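K.L.:
Quick one: the structure is below, questions incoming.
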Amino acid sequence: MKKKIILIMGLAGSGKSTLAKKLSTKLNAEWLNADKVRSKFNDWDFSRKGVLRQATRMKNLSKLSKKKYVITDFICPYKKGRQILKPNILIWVDTIQRARFRKIKLERIFQEPINYDVKVTTKNCDFWSKSDFEKCR
């Protein structure tokens, strides 16, 4: 069985976790939420080094999963972080211009992906098309 890693990325408050929850149920996937992972490791460092460490952590946890699909749900603002994770499928949740958390200001450092498999542009999950889910299989 070849495992598929799905990265759902976007700014804080864009709807990543909502989509990840729905998709993980539909695909019977393991869901790795960045906030829960950070909490487990007590690592709230949002510097470039901390963010890239989180990408490495998410990759390593994905490898440990016994499930066919692993959904990683995190902001992943740097191209380098996406290169570390090497997702099979990248879903960009592009629904907001400003992140929910003002202190971190991730929208300033956020590097929009050039290549992605699915781009979600609405927070209303009723509009997420069936074909978008099928791209993840």
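The values are calculated or read from the model by the stated rules, or taken from the named source; none is laboratory data. Note that the structure is predicted; figures quoted are calculated from it, not measured. Glycine also receives a Cβ, built like all others from the backbone with ideal geometry; neighbour counts cover every protein chain displayed.
K.L.:
Every residue in region 29-45 that is in contact with a Phe, Trp or Tyr (Cβ under 9 Å, 6 or more places away or on another chain) and assigned to a loop (DSSP other than H, G, I, E, B), please. So that I can check it myself, show each step before the final result.
P.N.:
Going residue by residue through region 29-45, those that are in contact with a Phe, Trp or Tyr (Cβ under 9 Å, 6 or more places away or on another chain) are 29-30, 32-35, 37-38.
Answer for region 29-45, where residues must be in contact with a Phe, Trp or Tyr (Cβ under 9 Å, 6 or more places away or on another chain) and assigned to a loop (DSSP other than H, G, I, E, B): just ALA29.
K.L.:
Quick one: would you say ILE109 is over 14 Å from MET9 (Cβ atoms), modelled with pLDDT under 95 and hydrophobic (A, V, I, L, M, F, W, C)? Break it down into steps so the answer makes sense when it comes.
P.N.:
Numbers: over 14 Å from MET9 (Cβ atoms): no; modelled with pLDDT under 95: yes; hydrophobic (A, V, I, L, M, F, W, C): yes.
Judged against the criteria, ILE109 is not a match.
K.L.:
Turning to a different aspect of this structure: Quick one: would you say TYR78 is closer than 12 Å to ILE8 by Cα, aromatic (Phe, Trp, Tyr) and at pLDDT 75 or above?
P.N.:
Numbers: closer than 12 Å to ILE8 by Cα: no; aromatic (Phe, Trp, Tyr): yes; at pLDDT 75 or above: yes.
It is false that TYR78 is closer than 12 Å to ILE8 by Cα, aromatic (Phe, Trp, Tyr) and at pLDDT 75 or above.
K.L.:
Which of the residues spanning region 41-74 are under 27 Å from ARG108 (Cα atoms) and charged (D, E, K, R)? Working first, answer last.
P.N.:
The first filter runs over region 41-74 and keeps only residues under 27 Å from ARG108 (Cα atoms), leaving 41-59, 71-74.
The answer is ASP43, ASP45, ARG48, LYS49, ARG53, ARG57, LYS59, ASP73.
K.L.:
Now for a different question. With the requirement that a residue be within 12 Å of the chain's Cα centre (by Cα) and either at pLDDT 95 or above or crowded, with 16+ Cβ neighbours inside 10 Å (or both), what does region 27-61 give you? Spell out the reasoning first.
P.N.:
Looking only at region 27-61, we keep the residues that are within 12 Å of the chain's Cα centre (by Cα), and these are 31-35, 54-55, 58-59.
Across region 27-61, the qualifying residues are TRP31, LEU32, ASN33, ALA34, GLN54, ALA55, MET58, LYS59.
K.L.:
Condition first: touching a strand residue (DSSP E or B) at 6+ places or on another chain (Cβ under 7 Å) and within 15 Å of TRP92 (Cα to Cα). Now tell me which residues in region 1-20 satisfy that.
P.N.:
Across region 1-20, the qualifying residues are ILE5, ILE6, LEU7, ILE8, MET9, GLY10, SER14, GLY15, LYS16, SER17, LEU19, ALA20.
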